[in-house]
Amino acid sequence: FPFLGILPSNKVCPQYFLDTNFLFLSGLIMASAIEEWNLHRRIALRVLMLVGVQPARLILGMMLTTSFLSMWLSNTASTAMMLPIANAILKSLFGDKDPSKDMNRENEENQASLQQNKLYTVPTEMQFLASTEDKDLAEDKEISSDVLSDIKKEEEYKTNIWKGFLISIPYAASIGGTATLTGTAPNLILLGQLKSYFPECDVVNFGSWFMFAFPLMLIFLLMGWLWISILYGGINLRGWKTKKSNIRVDAEARAKEVIKEDYQKLGPTKFAEQAIFFFFCMFAIMLFSRDPKFIPGWASLFAPGFISDAVTGITIVIILFFFPSQKPSFRWWFDLKAPNTETQPLLTWRKAQETVPWNIILLLGGGFAMAKGCEESGLSVWIGGRLHPLEGVPPPVAVILITVVIALFTEFASNTATIIIFLPVLAELAIRLKVNPLYLMIPGTIGCSYAFMLPVSTPPNSIAFSSGHLMVKDMARTGLLMNLMGVLLLSLAMNTWAKSIFQLGTFPAWANIHAENATSLVTAVENVTLSAL
C-alpha cells in the first residue's frame with residue numbers, strides 16, 4: 001500500500017495492533033492456560049459422563065462440548081482436541097469390528113479422494129483393528145443367511161455411527177465459534193471494520209453479540225444434532241421400541257468404562273484447574289457485564305470511551321502470569337526456616353509464546369489493513385455504486401441472498417478472506433438500501449462460518465476428513481441441509497430478536513455520517529478523474 005500510494009505506513013501499521021486484535025489475543029492466551037492444565041479435557045469427559053453412552057446421546061455430548069470449547073478456543077484446536085476422545089470411545093464401542101469388503105472399498109476411495117485434495121491421511125481405527133486381529137479367527141465357517149444378514153446390518157450400523165461421530169465434531173466447532181466475538185476470526189473482523197467504517201457505532205460488543213448469537217447457536221446445534229442422528233442411525237424413527245442386541249449393550253458398557261477410566265486418570269481437581277476455571281468465569285462475566293446496553297455496565301464507573309472489551313480481556317489474562325499454580329501457604333510468612341522456592345505461575349510467557357498462534361494475529365491485522373485500503377482508496381464506494389440492481393430488493397430477501405452467496409463462496413475460500421472481501425461491499429449496499437448496515441453485515445459474517453459441504457471448506461472439516469472414515473459425498477450430503485438450515489435460522493434471527501438487540505428497524509445516525517463522507521469521496525474521485533481526462 002505505501003509503495004502504490006494507497007496508504008502511508010503510519011496508517012497501515014496501526015491496523016495490525018487495534019484493540020480488536022488485543023481482544024482476540026486475550027482469548028488465545030486464556031485458551032493456552034486452559035490447555036496447559038487439561039481443564040478442557042476434564043470438561044469434555046465430564047459432559048460425556050452426564051449425557052450417557054447411547055450413540056445419539058454421545059453425539060449430542062460431543063457437539064455440546066465441542067461448541068462450548070469453540071466459543072473460547074479456536075475452531076481448529078477444539079476439533080483437534082475432541083477427535084482423539086471420539087476415537088477412543090468409538091474404539092471401545094466397535095473394538096470387535098470386522099471390516100467388510102465394502103468398507104475396504106470405501107477406504108480405498110477415501111485414500112484416493114484424500115490424495116486428490118492433498119490432505120494428510122492417517123490410518124483409520126478400522127484398518128488398525130483389522131491388522132491386529134487374530135488370524136485364526138478368519139477361518140471359514142458355515143453361517144446361516146439370517147446370521148449373515150444380522151451381521152451385515154450391524155456392520156452398516158457401526159459404520160454409520162462412526163461417520164456420525166466424526167462429522168458432528170467439525171460442524172459443532174464451526175457453529176460454536178459464532179456465539180462469541182472471540183470465537184472465530186470473521187466475528188472480530190466485523191468488529192474491527194465497524195470501528196473503521198462507522199466510528200460512532202457502539203452497539204456491537206461482547207455482551208450484545210452473545211445475546212444475539214448464543215440462542216441462534218443453540219437452536220442450530222439442536223437441529224444439526226437431530227439431522228446427523230437421524231441420517232446416521234443414532235435415532236431410529238421406525239424402531240423406538242426395538243430391543244437392543246446384546247452386542248450393542250456390551251459395546252455401550254465398554255464405552256462408559258473408557259470415559260470413566262479416562263476421567264479418573266486426570267486425578268482429583270488441582271488447585272491450578274480451579275484457579276483457571278475461576279479466572280475463565282471472571283473473563284466471561286466481565287466481558288458480558290462491561291456494557292450490556294439494557295442496563296448500565298461496570299464500565300460506566302470509568303471515563304467514557306476508555307474501557308473496551310480488549311482492556312477487560314487483557315487485564316484478566318495478565319493475572320495468569322503471576323498467580324501461583326499451587327495453593328499458597330500463609331505459614332511460609334511466619335516460618336523462618338521455610339525454603340525460598342520459586343512458585344510456578346498458572347501460565348509462563350514461554351508457554352504463551354509457543355502455544356498462541358501469532359499468525360492469526362497478523363492475519364487479522366492484514367484484513368483490517370485491506371479494509372482500510374478499500375475505504376481510503378474509494379474502492380468500496382465504487383463497488384457499492386455498481387450494485388444498482390440490488391437496490392430494489394426487499395431487505396429480508398437481501399439477507400437470505402447475501403447469506404446464501406457467502407455460504408457458497410466460503411465453501412471454496414478461507415472464511416477470513418471471504419469476510420474481508422464482502423464486508424465493505426455489504427456496508428455500501430446497506431447505505432444505498434437505507435437500512436441499518438448491521439442488518440446485512442451480521443448475516444454476512446455469520447454466514448462465513450456456515451461451511452459444511454467440503455473437506456477443504458474449513459480446517460476442522462479437513463481434520464475430521466483426514467481420519468479416513470469420511471468420504472466427500474458424506475460431507476456433501478450432510479452439509480447441504482446444514483447450510484440450508486443455517487441460512488433459514490439466521491434469517492429468522494435477524495428478523496426477530498436481533499432487531500431489538502441492535503436496533504435494526506431504523507437507519508442510525510452513525511451510518512448517516514458515513515453516507516455523507518462517502519458522497520463527498522465519490523465527488524472527489526469523479527473530479528480527479530475528469531481533471532485527468
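See the values below:
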quantity: Residue list for region 430-441, restricted to those being open to solvent by less than 10 Å² (accessible area, probe 1.4 Å) and closer than 19 Å to Lys372 by Cα; calculated: Ala430, Pro437, Leu438, Met441
quantity: Qualifying positions in region 263-283 - in contact (Cβ under 8 Å) with a residue 60 or more places away in the chain and either over 21 Å from Leu48 (Cβ atoms) or touching a Lys or Arg at 6+ places or on another chain (Cβ under 8 Å) (or both); calculated: Tyr263, Leu266, Thr269, Ala272, Glu273, Ala275, Phe279, Phe283
quantity: Checklist (1) surrounded by fewer than 21 Cβ atoms within 10 Å (Cβ to Cβ); (2) under 20 Å from Asn415 (Cβ atoms) applied to Ser74, failing item; calculated: (1)
quantity: Check on Gly444, open to solvent by less than 10 Å² (accessible area, probe 1.4 Å), at pLDDT below 85 and touching a helix residue (DSSP H, G or I) at 6+ places or on another chain (Cβ under 6 Å); calculated: no
quantity: Elements of type helices (runs of 4 or more DSSP H) contained in region 454-533, each with 1 or more residues being modelled with pLDDT of 90 or more; calculated: 472-494, 497-502
quantity: Total residues in region 251-282, condition part of a helix (DSSP H, G or I) and open to solvent by less than 90 Å² (accessible area, probe 1.4 Å); calculated: 17
quantity: Pairs where the first residue, in region 218-241, is more than 16 Å from Ala179 (Cα to Cα) and at pLDDT 95 or above and the second is assigned to a loop (DSSP other than H, G, I, E, B) and open to solvent by 80 Å² or more (accessible area, probe 1.4 Å), C-beta under 6 Å, 6+ apart; calculated: none
quantity: Residues satisfying the stated conditions in region 22-56, i.e. open to solvent by less than 30 Å² (accessible area, probe 1.4 Å) and touching a Lys or Arg at 6+ places or on another chain (Cβ under 7 Å); calculated: Ser32, Val53
quantity: Among residues of region 343-381, those that are assigned to a loop (DSSP other than H, G, I, E, B) and modelled with pLDDT of 85 or more, counted; calculated: 5
quantity: Qualifying residue in region 465-479 (condition: within 14 Å of Ile400 (Cα to Cα) and among the aliphatic types (A, V, I, L, M)); calculated: no
quantity: In region 399-419, the residues that are at pLDDT below 85 and among the aliphatic types (A, V, I, L, M); calculated: Ala413, Ala417
quantity: Residue within region 377-384 that is under 27 Å from the mean Cα position of the chain (by Cα) and open to solvent by 10 Å² or more (accessible area, probe 1.4 Å) present; calculated: no
quantity: Which numbered condition Leu408 fails, given (1) open to solvent by 40 Å² or more (accessible area, probe 1.4 Å); (2) closer than 27 Å to Phe198 by Cα; (3) among the aliphatic types (A, V, I, L, M); calculated: (2)
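Table: residues versus (1) among the hydrophobic types (A, V, I, L, M, F, W, C); (2) surrounded by fewer than 24 Cβ atoms within 10 Å (Cβ to Cβ); (3) over 11 Å from the mean Cα position of the chain (by Cα); (4) under 22 Å from Asn21 (Cα atoms).
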site: Ile167; (1), (2), (3), (4): yes, no, yes, no
site: Ala172; (1), (2), (3), (4): yes, no, no, no
site: Gly177; (1), (2), (3), (4): no, no, no, yes
site: Thr182; (1), (2), (3), (4): no, no, no, yes
site: Tyr197; (1), (2), (3), (4): no, no, yes, yes
site: Asp202; (1), (2), (3), (4): no, yes, yes, yes
site: Asn205; (1), (2), (3), (4): no, yes, yes, yes
site: Trp209; (1), (2), (3), (4): yes, no, yes, yes
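The values are calculated or read from the model by the stated rules, or taken from the named source; none is laboratory data. As the structure is a prediction and not an experimental result, all values here were calculated from the model. No Cβ is skipped: glycine too gets one built from the backbone with ideal geometry, and neighbour counts run over all protein chains shown. Side chains are part of the model used for accessible areas, which takes the heavy atoms of the whole protein and leaves out ligands, DNA and RNA. Shrake-Rupley method; radii C 1.70, N 1.55, O 1.52, S 1.80 Å.
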